[in-house]
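A.B. asks: After the structure tokens below, expect a handful of questions from me.
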Amino acid sequence: MEDAKNCFEGALRRAPNKVSLRSLSMVLRQLGNTKDEKKKNVLDGVTKAKEAVNMDIEDGISWLVLGNAYLTAFFTLGQDPKLLKQSMAAYRQANRDQAARNQPDLHYNRAVALKYEEEYQEALEGFSKSQLLDQSWQAPKSKERDLLQYLKKVQSLVVNKGQLKQKRLQSFSTSLSNPSKDLGPYVGGKYVTSGGRSIVLENVALSSLHPGINVEKVVLGKVVCQVSSEDPIPFTFCIVDQRLDCYSVTIYNLAQGQGVIIGDSVAIPEPFVQLVNVDHNESVVSYRNIRVDSPMVLVVNGKKFGLDKHAPSEIGFTKSQ
């Protein structure tokens, strides 16, 4: 890879060109022996991809490479939502160019980003489109199959409340009737952040939540199951509240082996609710999910999750760009 880097840098010294800039961006994203080196190279890769776009803003392949560079940065540099939006914007620009629109990479990588955003319908359609453009490439087919299986499994576990027996579910409901211990620092209707800001929090039932962020609310539930998946990101489990309503929960940036288990109590402040609705390949899926971008906001069994629970999500996504 170092030889390739030197080759492209030499070509650019002789004559700046978008092809060498794109190639250098791709190479840089694969270099680095330490975390700091990898982060620097990823940022440099974004810069080179931008330079390629600036040389010809109508070139969809350059926009595709820039989208991939932003997506790599998103997973490498702490998952700033701005980077994900920039990635999606670049993919939209790439899709306007016929040459890029026929690239299976574009639809596959965009589908990966959509999956991470939990826009599952569009993600599945993207994987399908990628398959049509390159039927010899197995990754899109596998991703589509695995994602659909995951969604169907989550729906089944939500509907069946983790497949736990009624007696155990009732014991969870009884335990949640006195939430003071399990709410931990969120008990008492307010919470003071590490920055000294006071946040009012009302403990509410799952059924009272609306799609989007539920400001100044906190929900408390008992874990009824974990959801196994081919993809470890996100960590997924299901909770029931005192009324025994059941939602799934997806956690990102969770360190390996640091999840929750059946019977744990989990308090989630200002929960972000998404309605999952998918109709794909004769499979229909519908359920409600709470998305948690950082485990450090959770209170589990009355205690806040610490830094040891946090780890940036890493993922491989691109075929050649």
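A.B. asks: Looking only at the range 174-195, filter to residues that are open to solvent by 60 Å² or more (accessible area, probe 1.4 Å) and within 15 Å of Gly263 (Cβ to Cβ); which one of those is modelled with the highest pLDDT?
C.D. replies: Thr174
A.B. asks: Would you check if Lys167 is surrounded by fewer than 16 Cβ atoms within 10 Å (Cβ to Cβ) and of a type in the set (D, E, K, R)?
C.D. replies: In short, yes.
A.B. asks: Something else: Does Leu114 count as in a helix (DSSP H, G or I) and open to solvent by 40 Å² or more (accessible area, probe 1.4 Å)?
C.D. replies: Judged against the criteria, Leu114 is not a match.
A.B. asks: Check the range 24-36 and report whether any residue there is touching a residue at least 24 places away in the same chain (Cβ under 8 Å), among the hydroxyl-bearing types (Ser, Thr, Tyr) and open to solvent by less than 80 Å² (accessible area, probe 1.4 Å).
C.D. replies: yes
A.B. asks: Could you check the range 232-246 and list, in sequence order, the residues that are surrounded by fewer than 22 Cβ atoms within 10 Å (Cβ to Cβ) and closer than 23 Å to Leu201 by Cβ?
C.D. replies: Gln242, Arg243, Leu244, Asp245
A.B. asks: From Asn281, Asn253, grab the single residue that is open to solvent by less than 50 Å² (accessible area, probe 1.4 Å), at positive phi and polar (S, T, N, Q). Quick ask: steps written out before the conclusion?
C.D. replies: Numbers: Asn281 fails: open to solvent by less than 50 Å² (accessible area, probe 1.4 Å).
Going through Asn281, Asn253 in turn, the sole match is Asn253.
A.B. asks: Return the pair list, or none, for Cβ contacts closer than 9 Å from residues in the range 125-137 that are within 13 Å of Val278 (Cβ to Cβ) to residues that are in a loop (DSSP other than H, G, I, E, B), at least 6 apart or on different chains.
C.D. replies: Pairs that qualify, where the first residue is within 13 Å of Val278 (Cβ to Cβ) and the partner is in a loop (DSSP other than H, G, I, E, B), are Ser128/Asn281.
A.B. asks: Inspect the range 32-43 for any residue being more than 21 Å from the chain's Cα centre (by Cα) and of a type in the set (Asp, Glu) and give the result as yes or no.
C.D. replies: yes
A.B. asks: Just to check your reading of the model, which residue among Asn41, Asn6 is closer than 16 Å to Phe75 by Cβ, polar (S, T, N, Q) and in a helix (DSSP H, G or I)?
C.D. replies: Only one candidate passes the filter, namely Asn41.
A.B. asks: Right, something else. If you go through the range 52-62 one residue at a time, do you hit one that is open to solvent by less than 50 Å² (accessible area, probe 1.4 Å), in contact with a helix residue (DSSP H, G or I) (Cβ under 8 Å, 6 or more places away or on another chain) and at pLDDT below 90?
C.D. replies: No, the range 52-62 contains no residue that is open to solvent by less than 50 Å² (accessible area, probe 1.4 Å), in contact with a helix residue (DSSP H, G or I) (Cβ under 8 Å, 6 or more places away or on another chain) and at pLDDT below 90.
A.B. asks: I'd like to check which strands (runs of 3 or more DSSP E) are fully inside the range 150-252 and have at least 3 residues that are more than 21 Å from Val285 (Cα to Cα) and within 28 Å of the chain's Cα centre (by Cα). Steps first, please.
C.D. replies: Working: elements: 190-192, 198-200, 217-227, 235-240, 246-251.
Of the strands (runs of 3 or more DSSP E) lying wholly inside the range 150-252, those with at least 3 residues that are more than 21 Å from Val285 (Cα to Cα) and within 28 Å of the chain's Cα centre (by Cα) span 217-227.
A.B. asks: Which one of Asn41, Asn68 is surrounded by fewer than 24 Cβ atoms within 10 Å (Cβ to Cβ) and of a type in the set (S, T, N, Q)?
C.D. replies: Result: Asn41 is the single residue among Asn41, Asn68 that is surrounded by fewer than 24 Cβ atoms within 10 Å (Cβ to Cβ) and of a type in the set (S, T, N, Q).
The values are calculated or read from the model by the stated rules, or taken from the named source; none is laboratory data. Every value quoted in this text rests on a predicted model; they were computed, and no experiment measured them. In this analysis, Cβ positions are derived from the backbone assuming ideal geometry, glycine residues included, and neighbour counts consider all displayed protein chains. Ligands, DNA and RNA are excluded from the accessible area calculation, which covers all protein heavy atoms including side chains. Shrake-Rupley method; radii C 1.70, N 1.55, O 1.52, S 1.80 Å.
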